[in-house]
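Trainee: Got a structure here, written out as structure tokens. Questions coming.
The values are calculated or read from the model by the stated rules, or taken from the named source; none is laboratory data. Keep in mind the model is a prediction, meaning the values are calculated, not measured. Cβ sites come from the backbone with ideal geometry, for glycine too, and all protein chains shown count toward neighbours. Protein only, heavy atoms only, side chains kept; ligands, DNA and RNA dropped before computing areas. Shrake-Rupley method; radii C 1.70, N 1.55, O 1.52, S 1.80 Å.
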Amino acid sequence: MVLTIAAAEWRLWMRSRSALAALLAVVLIIAATSVLTAVRFTAERHERAHQQEVAEETFLSQPARHPHRMVHYGHYVFRTPPPLAIIDPGVDTVTGQSIFLEGHRQNTAMFADTRASASVGGFQTLSPASVYQILIPLLLIALGHGVFVREREARTLAPLLAQGVPGMTLYTGKVFALAGLSAALLAPILIMSLIGVTSGEAVGVSLAVVVAYGVYLLVWSALIVLVSAVVSTRGVVLGTLVFIWLAWSLVTPRLAVASASAAAPSPGKLETDFQLLADLRELGDGHNAADPAFNALRANLLAEYDVETVDELPINFRGVVAEASEADLTQVMNEYAERRMALEVRQSRHANGFGWLSPVLAVSAASRHLAGVDLETHHRFLREAEAIRFDFIQGLNKSHIEELSYTDDINRNQSEEASRRARISPENWAVLNEFRFQPATPDERFGAATAPISMLTVWLTALIAAGAFASGRMTP
């Protein structure tokens, strides 16, 4: 009986030109966004991996130089998008994907270049994830808002109930019809998940993304049938559902962002930069070995090697100063960076908590976590990039200490020959380690997505319970 009722709804939709037109439009949008997003991110994935190899080859192929010149020559690292970014680009579109690493500084990640926008004609922000989160619920509302209203308008609801069709059966059949349509609409995202698997993504995570969106569409299906069952007028049903769509999709996300900013206010960038510069100045100038900030370091070294002047040291004092200065600078910069990232995580978690008010926010958070394109992943990229930066800078400083004499160093500007003697072998550039950014493990992503998926499950359970109550009250 349930399947018969569901099949009847499907036949009605198939006979409706307006329903078919809406369905065709959404399918075309899904197909277009899927192809464009998949092509763009697949290309960017290969391009960033290639640029990473080029950056490493360029650094390692530098000729003999003064080691501190290589500290400022720097190096680039790139965040390669994970395979499931073809479904949900996540923070990739709003945060930087590459960082220039150099001594004494922690540069910010650079934003995507303008080619990404131009290549898709301005549709770069419309991803498969946003289509599923925002547009497909509108299609379900357009097709499903009349499942009970139509029965009332045709005066067939009361006869059906009078003939012994249980209200629960009728209600379940309507839900099955809309749920079946939702399942059919999951086909594109299932295909993209399989593409992600062929690109190296874990099968479990790929299927979890499909399941998360499946539960999300079931939430909408249950809500639409419930409102259609308890409200008698078609206009009120449609108005109510559109109002809920606006509240969930547009209003609540903005309230979440505003609330997160108020709950965890962040200081201004200029204020933070000035405070950081003031703190760094107190550490001394690592380019100036005579800076009073390094008097204690000089005294300790002279005592350790039992000599009177830095010229007599068996190591290059300028390199020692550079190494010590870099360590102190990095500690201070890391403290600022960790405070900023902790604040951003607090804001993100606060905003994600609004998933209890809007399933759109819940599925959005689950999608980002499962695809490996969330804020925490970006922070991990920043930390791994900083680790690479610190390691190769200190490796160059170590070469500065051991491979270049203090005398040659301080006299390097006196002549061309003196400058040549102050250069060290390119073999020292091998301190640079390879950088290949990888997404978090499937277990870590499942763990991060647990909370938003729980929100979706609670939403679905509550709507099913409300539907069971409403169907039990149906009378002829």
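Trainee: Calculate the radius of gyration of the Cα atoms of region 325-463 to one decimal place, then report Dmax, the largest Cα-Cα distance, as a whole number, both in Å.
Mentor: 23.9, 82
Trainee: For the chain, what is the mean residue ellipticity at 222 nm derived from helices alone (per DSSP H run of n ≥ 4: -39500 (n - 2.57); sum divided by total residues; nearest 500 deg cm²/dmol)?
Mentor: Rounded to the nearest 500, it is -22000 deg cm²/dmol.
Trainee: What does the accessible area of R11 come to, in Å² to the nearest 10, when a probe of 1.4 Å is used?
Mentor: For R11, solvent-accessible area is about 130 Å².
Trainee: Further question: Keeping all protein chains in position, work out how much accessible area D285 exposes to a 1.4 Å probe, and write it in Å² to the nearest 10.
Mentor: Ignoring ligands and nucleic acids, D285 comes out at about 70 Å².
Trainee: Once you place label points 7 Å from the Cα toward the Cβ at A25 and V257, how far apart are they in nm?
Mentor: 2.6 nm
Trainee: Read phi for every residue in region 43-59 and hand back ³J(HN,Hα) as whole Hz from Karplus 6.51 cos²θ - 1.76 cosθ + 1.60, θ = phi - 60°, with x for Gly and Pro.
Mentor: 3J(HN,Hα) across region 43-59, in whole Hz: 5, 5, 4, 5, 5, 5, 4, 5, 4, 5, 5, 5, 4, 5, 4, 5, 5.
Trainee: Follow-up question, since we're still on this one. Taking 2.2 N^0.38 Å as the expected size of a compact globular protein, what ratio does the Cα radius of gyration of region 97-250 give against it, to two decimals?
Mentor: 1.47
Trainee: Y76's amide H: which non-local residues (gap 5+, or another chain) put their own amide H closer than 5 Å, with H modeled 1.01 Å from N in plane and none for Pro or chain starts?
Mentor: L101
Trainee: A further question on this structure: Express the relative contact order of region 183-341 as a whole percentage, based on alpha carbon pairs under 8 Å and six or more residues apart in sequence.
Mentor: RCO, region 183-341: 15 percent.
Trainee: So, one more: Project the alpha carbons of region 229-385 onto their principal axes and report the range along each, largest first, in whole Å.
Mentor: Largest to smallest, the principal-axis extents are 97, 30, 17 Å.
Trainee: Which whole number of Å³ per residue matches the convex hull of the alpha-carbon atoms in the chain?
Mentor: Details: hull volume 77.1 nm³, N = 476.
Here the figure is 162 Å³ per residue.
Trainee: Pop out the ³J(HN,Hα) list for region 439-450 in order, Karplus 6.51 cos²θ - 1.76 cosθ + 1.60 with θ = phi - 60°, rounded to Hz; leave Gly and Pro as x.
Mentor: Each residue of region 439-450 in turn: x, 4, 5, x, 4, 5, 6, 4, x, 5, 8, 4 Hz.
Trainee: Just add up the charged neighbours of A448: K/R +1, D/E -1, any other residue whose Cβ is under 13 Å from the Cβ of A448.
Mentor: Counting the neighbours of A448, the net charge comes to 0.
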